[in-house]
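Here's the structure we're looking at; comments come further down.
Just so you know, all these numbers are worked out from the coordinates, no wet-lab data involved. Just so it is clear, the structure is predicted and the values come from calculations on it, not from any experiment. Don't worry about glycine lacking a Cβ; one is built from the backbone with ideal geometry, like all the others, and counts go over all protein chains shown.
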Amino acid sequence: MHVRNWTQGITFKAMGVGLLALLMLIPLLQVQDLIGERQGLQNEAQLKIAERWGGRQIVGGPVLIVPVRKAMQGEKGWISTDELRYVLPETLQVKGSLLTEIRRYGIYATPIYTATLGVSGQFRHDALAALANQGGEPQWDRAVLRVPLADVRGIRSLSALRIDGVDVLFGPGSGGIGGLSATEIAWPIDPHDTGATRDFSFDMRLAGTAALSFLPLARNTDVSLGGSWPDPGFAGAFLPESHAEKAAGFDAYWQVLDLNRSYGQQGTIAELEALAVQQSAFGVELYQPVGTYQRNERAGKYGILFIALSFVALFLFEALGRWRVHPVQYLMVGLALCTFYVLLLALSEQIGFAWAYAVAAAAVVAIIAGYAAAAARSRQAGATLGSLLVVVYALLYGLVISEQYSLLMGALALLAAIAVLMYLTRRIDWYGLGSEAAVPTGRMPS
């Protein structure tokens, strides 16, 4: 009686195939690291563009800064010190438009914009009077108006500030607001002026990269913004009250009250904490749906699943008696499948993701199908395996490009694959596969 070595059994072979599939995680993880490295290079390129053009901009309306002289008890008696206090406008209106384009640095690209902004609003006289009632002696002749701005390098043009019917030119800021840099003007105030409001307005052209946000530095802030970007992402502390998106661009309108933020209309400058001020910002991001590296990363996450499915297909070839597959041949097929992700990454940086995917998938399918046909000495085996890989890569592409339903599609595809495998193997005598007589001679499943 012939006794087979246990290492020749189907159980040992199945365990070996599973181990090989797990070993394929090593090159897949290396591919993920490579994607992260290339994405880091893209971020560096975007940063270089932002350094030269203008970064992610945050804009606010004018903030009145008034030094208040206070007497304090010191070690050597009473001394005078100045405390900076702020007053925010009663109203702030911003009307703007974005002209967008794609700027490249080498093979990497990022969206940039030039914003044309019209800013207007008013201060109330009673708010200024209330400042004098908080203790100390306001130095009205040293009052300034500061306009906070995230990146002053992006200023392309800035009109004079018209206030009280007088045009005053902006200059460099002597201090910031809420952790942001600022430009400012001197605004000596006559405390005896009994006018109810002080109106102001100015225009600005501002260059920036990827995002534009606004600060609700008024009791009532209204922002209307339109742009030519087809995929706006509304980000920050507040969503627009109304918006319209179309192929040619977008329009959005925000209204924010002082009750919606965590800092008051007036107080000491130290109370305008950087975190609180910047967390109240709202605006628009120039969103790019599923970028190249995000798609590559998503494809890689499904890599082990499709390698496992391909190995199962090879195992079925062997179980059904169509091709006795050696572990080295499993390894060759697995390495070819891993090469797909490297080729996809390299090509997608040059010709775009869709074309790169088609070329990489076609190359890998052709290689594996040809290898299977030669190794099994059967064109039918090569065609069958190639057809299976075409279905697999078509499914993977659908998972990668889908933004909202990729998880659902992946779960349904996995369930369907398991169901098909169970159906095809429902009559295989797994205990009997160790003997030659038990090898089935039925037709190749279609």
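Taking 0.36 nm per intervening residue step and subtracting the Cα-Cα distance, what contour gain separates residue 37 from residue 199 on full extension?
53.1 nm
Considering Cα pairs under 8 angstrom that are at least six residues apart, work out the relative contact order of the range 166-230 and quote it in whole percent.
It comes to 17 percent, rounded to a whole number.
So for the pair residue 130, residue 235, with labels modelled 7 Å out along Cα→Cβ, what separation do we get in nm?
Result: 3.4 nm between the two label points.
Considering the zone a paramagnetic label at residue 326 would reach in this model (a point 7 Å from Cα along the Cα-to-Cβ line), which residues of the range 24-45 have amide N under 11 Å from it?
none
Can you check what the net charge comes to around residue 257, using other residues whose Cβ is under 13 Å from the Cβ of residue 257 (Lys, Arg +1; Asp, Glu -1)?
Overall, the nearby charge balance is -2.
I need the semi-axes of the equivalent ellipsoid of the range 56-286: take the C-alpha gyration tensor, multiply each eigenvalue by 5, square-root it, list largest first in whole angstrom.
Each semi-axis is the square root of five times an eigenvalue, giving 35, 18, 16 Å.
Given the C-alpha centroids of the range 219-255 and the range 97-170, what is the distance between them in whole angstrom?
20
Please give the FRET efficiency for residue 141 paired with residue 259, using the beta carbon to beta carbon distance and R0 = 25 Å, rounded to the nearest 0.05.
0.15
Testing the spin-label approximation: label points 7 Å from Cα along Cα→Cβ at residue 156 and residue 83. State their distance in nm.
Each label point lies 7 Å from its Cα, and together they span 4.4 nm.
Summing Lys, Arg as +1 and Asp, Glu as -1, what charge do residues with Cβ under 12 Å from the Cβ of residue 113 carry, residue 113 excluded?
Neighbourhood net charge equals +2.
Net charge near residue 200, counting Lys/Arg +1 and Asp/Glu -1 over other residues with Cβ under 14 Å of its Cβ?
-2
DSSP loop trypsin sites (Lys or Arg not before Pro) in the range 321-388 with at most 14 other Cβ atoms within 10 Å of their Cβ, which ones?
Sites meeting the loop and neighbour criteria: 324, 377.
For the range 56-286, calculate the relative contact order in percent as a whole number, restricting contacts to Cα pairs under 8 Å that are 6 or more residues apart.
Worked out over the range 56-286, it gives 26 percent.
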